[in-house]
Amino acid sequence: MRFNTEAPFWQFMGTLARFTALNLVFLVTLLPIVTIGPAQAALYSTLFQYDEHDDIRLVHEYLKRFKREFRQGLISGLLLLALVAALVFGLAFWVAWDTDAAYVPLIVLVAATVAVLFLAEYLFPLQARFDNSIGRTWKLAAMFPWRAFACSFALVGIDVVALGLAYFIPFIRVLMLIFGMSWVAYAKSLVLLWGFRKYGGYGEVERPTFVNANSGL
């Protein structure tokens, strides 16, 4: 029996192996927590290129892009973490206050939390896709969700489905750690690319620097 590496099954297994390697490297670079910015920017940057050239070496590209996106991603990531921490503290404070005077601040904080969640969906993908300053990237990330509702709700929908499956099905949690996070990010990258094309450009698109790798990771 002839072993055919071009058969659909082996093509799928090769893709699965590449995404598994990418997923594991992504998780390792997330371990310091403060590197959440460069890690996400590098992941989306890699997957945007994969969508256009599916024979790139995913791990090689990710590591290269992690280094390239590190400074801007680190600053944006720390700012986002500080913003989230402030919102969590504010919500906890006013919930514990438990008086009529807390209603208005709570409404404002809930609205701000929703806005930050939408901003976070776009912040690092915009950094990964377009060559802009930190300030302009944040401005675009804050504005884009409200003009691209279909794209925004699709991204949130993917997150809700993924988190719901992981929460209710323990086996899915294991798969998420092995290769699931990279697959979820890839699904979101397709939605993001559609949204960027539909709603226009927001800076110079990154220049491709990938390396062709038919058999590499």
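Would any residue of region 34-59 have its amide N under 11 Å from a label point 7 Å out along Cα→Cβ of Val84? List them or say none. Under cut-off, by backbone N: 34-37.
Which value at 222 nm does the chain reach when only helices count, each DSSP H run of 4 or more adding -39,500 (n - 2.57), with the total divided by all residues and rounded to the nearest 500 deg cm²/dmol?
Working: 8 runs with 165 residues, N = 217.
It comes out at -26500 deg cm²/dmol, rounded to the nearest 500.
Taking the simple approach of a point 7 Å from Cα along Cα-to-Cβ for both Lys198 and Asp100, what is their distance in nm? A separation of 4.5 nm, rounded to one decimal place. In a reduced charge model with +1 at each Lys and Arg Cβ and -1 at each Asp and Glu Cβ, region 9-201 shows a dipole moment near 500 debye about its Cα centre.
Centroid-to-centroid, using Cα positions, region 143-169 and region 54-130 are 15 Å apart. For a paramagnetic label modelled on Ala112 (point 7 Å from Cα along Cα→Cβ), amide N atoms under 19 Å away belong, within region 121-137, to 121. Residue by residue, region 108-117 carries 3J(HN,Hα) couplings of 4, 5, 5, 4, 5, 5, 4, 4, 5, 4 Hz when phi is fed to the Karplus relation 6.51 cos²θ - 1.76 cosθ + 1.60 (θ = phi - 60°); x denotes Gly or Pro. Each residue of region 52-63 was assigned a 3J(HN,Hα) from its phi angle through the Karplus expression (A = 6.51, B = -1.76, C = 1.60, θ = phi - 60°), giving 9, 9, 6, 9, 6, 7, 4, 5, 4, 5, 4, 5 Hz with x at Gly and Pro. Using the Cβ-Cβ distance between Glu52 and Phe168 with R0 set to 35 Å, the FRET efficiency works out to roughly 0.50.
Every number here is computed from the coordinates shown, using simple stated rules; none is lab data. Note that the coordinates shown come from a computational prediction; the quantities given were computed from them, not determined experimentally. Backbone-built Cβ (ideal geometry, glycine too); neighbour counts: all protein chains shown.
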